[in-house]
Every structure is written in structure tokens, then in C-alpha cells.
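Q: Sharing a structure, written as C-alpha cells. Questions coming.
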Amino acid sequence: MRVERVSSKGSQVLLRAVATADEFDEAARQGVRAFLLAADAPVPADDQLDTILSQIMGSQADIPAAKRDFAANYLVPRAVSQESIMPVCSPDFEVEGSPEQGGEFVVEIRVFPKPSLELASYEPVDITVQAPRVSEEEIDARVRELVRQFGPGADDAAQVDDAWVRDNIPDPQIDTVEGMREALRKAGEQYKLAEFEQYKVA
């Protein structure tokens, strides 16, 4: 995997990780295996991975898109480590490319490196950190993932409407686009705040 630092903006660093088709295949296999192990499911042979994913995620799920997500989740921490970055919180990332057709698999990673501080004395020190928030862009990305998983009735996130939400989201209390986005926001904030408490201690 090839990794380059594209830019720095404030304390954020943008990385671009490029994997060959073979590297993507291996990352997807390892990512799916990690997912199945975390779910206490038996790990099947390589030629059975797609079948098992279909059984777990449903027959309408976009398996290639799911494998791209698994591959990215496997590659991102390795790309960050390859650049010798100790992140303050979990990196955000976006994927592109068509590795299934032999093309390169590209992951753009936004990461906040842990700052290095030099203290002039042993007097008490106060450090202020900004609590994480879930952006509209992150919610948009999660909606796109849901569209890829459930598929029918929408080709992209822009086509998602209340009817699509009622037909595809398996929660009777979520029946509008606004309600779905609010639920995604709350879930994202809970996840980030739990991580945030650990990083504050670190």
C-alpha cells in the first residue's frame, strides 16, 4: 500500500492511501474475517465469504460496497501507522476506485495527530480540547452506506425520501428522512463521545 501526506490544515492531516487490486482483495478478506470474529460467527473459506455476508446482511445488500467498507476499515489504521501518526481520535475516511475491475483502491483519510507538548515546569497544566461533533457530511456518508446496503428505490442519497425510509429502515419509530438523520446523528455522537472520554484520559 502506498501512502502519502496530501496536506495539513490546522491540526488535521489528509492522507491518501492507494492499494493495488491484490492488496484490496487481501484487505477485504481480512476485514470481513475481523467482522465475523467480532460477531462470534465462524470464519468460512475465502470462496464462501460473499455467501456468508449475504446471509448476515440480507439478499438485497450491496456486497461489493460492503467489502470496500471492510477493506477500508482494515487499511486505514495501517496507513496511519505507516506514517507514524498517533491519532487523537478515530480517523474519518472516504473511498474511491473500482478494485473489483482490477483498478486501484483509494482511501482518503482525515486524521488528527496527537500533539506533542514541552512543559517548562511541573506546575499544573490545563489543556482544553474540543468535543467531537457529527457533521452533516458524515451523516450524508452514512446515508450513502445505507443506500448501498438496502439499494431498492434509490440510486444515491439524494433520492432518499420518507417512503424509502419507511420501506427500508427496520425501525418503526423512524419513518422520515429527518428522523433517520437525527437517529444517525445521535448514534454517531454517542460513539464519538465514548471514544472521546478514552482519548482525554490518554
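Q: With respect to Arg144, determine if the residue is touching a helix residue (DSSP H, G or I) at 6+ places or on another chain (Cβ under 6 Å), open to solvent by 60 Å² or more (accessible area, probe 1.4 Å) and within 30 Å of Pro64 (Cβ to Cβ).
A: Numbers: touching a helix residue (DSSP H, G or I) at 6+ places or on another chain (Cβ under 6 Å): yes; open to solvent by 60 Å² or more (accessible area, probe 1.4 Å): yes; within 30 Å of Pro64 (Cβ to Cβ): yes.
Yes.
Q: What pairs come up if the first residue lies in region 106-127 and is open to solvent by less than 100 Å² (accessible area, probe 1.4 Å), the second is aromatic (Phe, Trp, Tyr) and at pLDDT 90 or above, and their beta carbons are under 9 Å apart, counting only those six or more places apart or on different chains?
A: Qualifying pairs under 9 Å: Val107/Phe93; Glu108/Phe93; Ile109/Phe93; Arg110/Phe93; Val111/Phe93.
Q: On to the next question. Consider region 72-89. How many of its residues are crowded, with 17+ Cβ neighbours inside 10 Å and within 23 Å of Val201 (Cα to Cα)?
A: Looking only at that region, the number is 4.
Q: Return the pair list, or none, for Cβ contacts closer than 7 Å from residues in region 156-183 that are in contact (Cβ under 8 Å) with a residue 24 or more places away in the chain to residues that are of a type in the set (Val, Ile, Thr) and buried (at least 17 other Cβ atoms within 10 Å of the Cβ), at least 6 apart or on different chains.
A: Every condition considered, the pairs that remain are Met180/Val165; Met180/Ile169; Met180/Ile174; Arg181/Ile139.
Q: Taking the conditions exactly as written (at negative phi and at pLDDT below 85), does Ala163 satisfy them or not?
A: No; evaluated as a whole, the condition is false for this residue.
Q: Which members of region 46-71 meet the condition of being outside any helix (DSSP H, G or I) and open to solvent by 60 Å² or more (accessible area, probe 1.4 Å)?
A: Ser59, Gln60
Q: Looking at Lys192, is it in contact (Cβ under 8 Å) with a residue 24 or more places away in the chain and either more than 21 Å from Leu14 (Cβ to Cβ) or open to solvent by 90 Å² or more (accessible area, probe 1.4 Å) (or both)?
A: So Lys192 fails the test.
Q: Going by what's in this entry, would Asp155 be described as modelled with pLDDT of 85 or more, surrounded by fewer than 17 Cβ atoms within 10 Å (Cβ to Cβ) and in contact with a helix residue (DSSP H, G or I) (Cβ under 8 Å, 6 or more places away or on another chain)?
A: Here the answer is no, as Asp155 does not meet what is asked.
Q: Return the total of residues in region 1-38 being of a type in the set (Val, Ile, Thr), open to solvent by 50 Å² or more (accessible area, probe 1.4 Å) and not in a loop (DSSP other than H, G, I, E, B).
A: Here is the first cut: in region 1-38, the ones of a type in the set (Val, Ile, Thr) are 3, 6, 13, 18, 20, 32.
Those left that are additionally open to solvent by 50 Å² or more (accessible area, probe 1.4 Å): 6, 20.
From what's left, not in a loop (DSSP other than H, G, I, E, B): 6.
Of the residues in that region, 1 qualify.
Q: Which of the residues belonging to region 2-24 are more than 18 Å from the chain's Cα centre (by Cα) and among the charged types (D, E, K, R)?
A: Of everything in region 2-24, those that are more than 18 Å from the chain's Cα centre (by Cα) and among the charged types (D, E, K, R) turn out to be Arg2, Glu4, Arg5, Lys9, Asp22, Glu23.
Q: Name the pairs: first residue in region 22-33 and under 14 Å from Pro44 (Cβ atoms), second residue of a type in the set (Asp, Glu) and open to solvent by 70 Å² or more (accessible area, probe 1.4 Å), Cβ to Cβ under 7 Å, at least 6 apart or on different chains?
A: Matching pairs, first to second residue: Arg29/Asp46.
The values are calculated or read from the model by the stated rules, or taken from the named source; none is laboratory data. Being a predicted model, the structure only gives us computed values, none of them experimental. Please note: Cβ atoms are built from the backbone with ideal geometry, for glycine as well, and neighbour counts cover all protein chains shown. When the accessible area is computed, the model is the full protein with side chains, heavy atoms only, and any ligands, DNA or RNA have been set aside. Shrake-Rupley method; radii C 1.70, N 1.55, O 1.52, S 1.80 Å.
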